[in-house]
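**Student:** Would you mind keeping the following structure in view while I ask a few things?
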Amino acid sequence: MRLQSISGGLLIRLVRCGVITGQVVDAQGQPILGVAVYAMPKPLNGPLMPYSMPTFGSNTRVDERGQYRLYGLPPGEYAVVATYGASTSMFGSSGGAEVRSGIGSGVQVYPSNPRPQFFTVAGGEQYRNIDFAIVPAGLHNLSGKVELPDPTTRYWLALTAVDQPGMATAVTETKPDGSFRFESIPAGSFTLTASGPVRGYGGKAVLGPQPYFGRSHVSVAADLEGVAVSVQKAQTVSFVLRLAPGQRADGGCPATAQVTLTALEDFAALIDRNGEVNSVKEQPIADLAPARYRIGATRLGDGCYLASDAVLDLSAGGKDAPVAVLVAAAGSISGKLTGAANAPEFAVALVAADAESSAQAVQVVFPDAGGKFTFGGLRPGRYRIVAQAAGEASKARWVTDPARMIEIQIVAGAPTELELPAPQRSQQ
């Protein structure tokens, strides 16, 4: 918030968040203990991913009756995912896990992995009886050995399904001789990863300095033995900040920014990385796993945005050439609410009409006494905008019927001037 002067107290308006509840049981209807349940935001592109920084209530463990409650979900669309057995959640919180006979380990999306259902939260929705029945079709064991660079270290291994790489199907660790064993895993096509040396755990494995990683593909249709996993030193990749084609140097983008690398695969280890980059000299980011990373950027200011949704693929090896992080001048809205006797009684909501236009689905501002309002740092594209009552008595949601919203086109590098009529009271 940018506050130049405050004449009175601040009115902080809250949006009612969503709730999803249900139960996780086995084929006999008995609760399965130790299950972790997640609300995963609908991705703009790529696989389902748990929150990089989970909000309180977006994930939970089932209780003794197998029941769960996800809450505090801000406006958006969510899939519900249950992980059970030797999951990343169990290993990351206790350093190990017990696998229940006949249930094994796995990841289940509601109502099915191939066709996830997304639950829309616009303001206060409560979805009940979102129940899971864990009934594995067949379970197998997989064992092998990691070629340890240092025999005194231990490594964690993760088995992730090719179609759901965001959460590991099962996790295990090496014994002192480097051997490992996954028990009771489902059939399928998997990526097998190894990370270490492991120094501890905190949600996921905490790796020591100069980590090693391994990666291979396995297909499980029966019990597998003698799987060999070799590990290599982590990779280093250089990054440089660049203006997107057609952009001018005075377009509003900074000379430095913070680059974030978010792993799109669950190695059961903390492998996300970040670093400062600039437009003058290539900057290295070290300790990268052989994974696929989504490239993000922060500290760009209101006048700049990340021009491409790039993915850095290190699964097949490192990158010799520096990776260009492309930025471009952002758009903005300079608006005025008209026809309102008291403009601060209204809220203005902005929604990206194209899924790829914005990573932030909903933005809300409140006009000043003169009716003026602004939105900054907008990626060019189509948006929908609406004004609605926001007083204490209003029950209006931030996101309303698209037919009642005005569609606008945001261009880069210049503010979009807009006069937005205030709705009549009779319409609220």
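The values are calculated or read from the model by the stated rules, or taken from the named source; none is laboratory data. Note that this is a predicted model, so its numbers are computed, not measured. Here the Cβ is made from the backbone with ideal geometry for all residues, glycine too, and neighbour counts use every protein chain on show.
**Student:** Taking the conditions exactly as written (assigned by TED's automatic domain parsing to the domain that holds Gln23 and modelled with pLDDT under 95), does Gly102 satisfy them or not?
**Tutor:** The answer is yes for Gly102.
**Student:** Residues in the range 366-392 that are in a loop (DSSP other than H, G, I, E, B) and under 27 Å from the mean Cα position of the chain (by Cα): how many?
**Tutor:** 2
**Student:** Identify the single condition in (1) in a strand (DSSP E or B); (2) outside the structural domain of Ile285 (by TED's automatic domain parsing); (3) within 24 Å of the chain's Cα centre (by Cα) that Gly203 does not satisfy, given that it satisfies every other one.
**Tutor:** Going through the list (1) in a strand (DSSP E or B); (2) outside the structural domain of Ile285 (by TED's automatic domain parsing); (3) within 24 Å of the chain's Cα centre (by Cα), Gly203 breaks only (1).
**Student:** Take the residues in the range 243-280 that are over 23 Å from the mean Cα position of the chain (by Cα) and modelled with pLDDT of 95 or more, then tell me which one is nearest to Leu314 (Cα to Cα).
**Tutor:** That would be Asn278.
**Student:** Would you confirm, using the coordinates I've provided, whether Val229 is crowded, with 17+ Cβ neighbours inside 10 Å and either under 17 Å from the mean Cα position of the chain (by Cα) or under 30 Å from Gly106 (Cβ atoms) (or both)?
**Tutor:** yes
**Student:** From the list Ala97, Ala27, which one is in contact (Cβ under 8 Å) with a residue 24 or more places away in the chain, surrounded by 14 or more Cβ atoms within 10 Å (Cβ to Cβ) and not assigned by TED's automatic domain parsing to the domain that holds Gly296?
**Tutor:** Just a single option satisfies the conditions, and that option is Ala97.
**Student:** Of all residues in the range 409-424, which are under 28 Å from the mean Cα position of the chain (by Cα), among the β-branched types (Val, Ile, Thr) and assigned to a strand (DSSP E or B)?
**Tutor:** Within the range 409-424, just Ile410 meets the criteria.
**Student:** Next question, about the same structure. Look at Thr21 and say whether it is closer than 26 Å to Ala268 by Cβ and either touching a strand residue (DSSP E or B) at 6+ places or on another chain (Cβ under 8 Å) or at pLDDT 95 or above (or both).
**Tutor:** No, not satisfied.
**Student:** For Gly166, state whether it is assigned by TED's automatic domain parsing to the domain that holds Arg154 and part of a strand (DSSP E or B).
**Tutor:** No: the conditions fail for Gly166.
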